[in-house]
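Engineer: Right, I'll just put the structure down here and ask away after.
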């Protein structure tokens, strides 16, 4: 499987947005580019008509334009638990799912999973990757 990399800027954006929406969940769609067979997540996109509450964040995928560069979603778990919930696994979108867990301090608070909920390792990417 291709390696997953995330730019430092995107990591910081996910952490800050998670803090800003706390105690509600945040939700982002993530764009990637391919680099030598790897996926490099580099940009966040807000889903139109997204709803966010203390126990869930959701959107209607039928409101999204066709954009094949969106290969992942990121959402926060204000509880701090960085494991996909049953609900998370019922609605995968894209190749990867990232969960940002409270207290939203650094990259150690971000976990990545494939569409089936299996943990996936990831690493920081240089901005120019």
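The values are calculated or read from the model by the stated rules, or taken from the named source; none is laboratory data. The model shown is predicted, which means the values in this text are computed figures rather than measured ones. Don't worry about glycine lacking a Cβ; one is built from the backbone with ideal geometry, like all the others, and counts go over all protein chains shown.
Engineer: Taking the options 49, 102, name whichever one is out of contact with any helix residue (DSSP H, G or I) (no Cβ under 6 Å at 6 or more places or on another chain) and either farther than 26 Å from residue 2 by Cα or free of Cβ contacts under 8 Å to residues at least 40 places away in the same chain (or both).
Structural biologist: None of the other options fit; the residue is 102.
Engineer: Follow-up question, since we're still on this one. Please verify whether region 4-18 includes one or more residues that are on the phi > 0 side of the Ramachandran plot and surrounded by fewer than 13 Cβ atoms within 10 Å (Cβ to Cβ).
Structural biologist: No, there is no match, as no residue in region 4-18 is on the phi > 0 side of the Ramachandran plot and surrounded by fewer than 13 Cβ atoms within 10 Å (Cβ to Cβ).
Engineer: Further, regarding this structure: Quick check on residue 112: is it closer than 15 Å to residue 29 by Cα, in contact (Cβ under 8 Å) with a residue 40 or more places away in the chain, touching a helix residue (DSSP H, G or I) at 6+ places or on another chain (Cβ under 6 Å) and in a strand (DSSP E or B)?
Structural biologist: Spelling it out, it is not the case that residue 112 is closer than 15 Å to residue 29 by Cα, in contact (Cβ under 8 Å) with a residue 40 or more places away in the chain, touching a helix residue (DSSP H, G or I) at 6+ places or on another chain (Cβ under 6 Å) and in a strand (DSSP E or B).
Engineer: Just one of (1) in a loop (DSSP other than H, G, I, E, B); (2) modelled with pLDDT of 95 or more; (3) touching a strand residue (DSSP E or B) at 6+ places or on another chain (Cβ under 7 Å); (4) farther than 21 Å from residue 16 by Cβ trips up residue 93, so point out which.
Structural biologist: Answer for residue 93: the failing condition is (2).
Engineer: Another question, if that's okay. Of all the residues that make up region 67-83, how many are part of a loop (DSSP other than H, G, I, E, B) and out of contact with any helix residue (DSSP H, G or I) (no Cβ under 9 Å at 6 or more places or on another chain)?
Structural biologist: 6
Engineer: Given the residues 84, 61, 65, 92, which is the only one that is farther than 17 Å from residue 15 by Cα and without any contact (Cβ under 8 Å) to a residue 12 or more places away in the chain?
Structural biologist: Step by step, each of 84, 61, 65, 92 is checked, and only 65 is farther than 17 Å from residue 15 by Cα and without any contact (Cβ under 8 Å) to a residue 12 or more places away in the chain.
Engineer: Looking at (1) surrounded by 12 or more Cβ atoms within 10 Å (Cβ to Cβ); (2) modelled with pLDDT under 95; (3) within 19 Å of residue 56 (Cβ to Cβ), can you tell me which one residue 86 breaks?
Structural biologist: The failed condition is (1).
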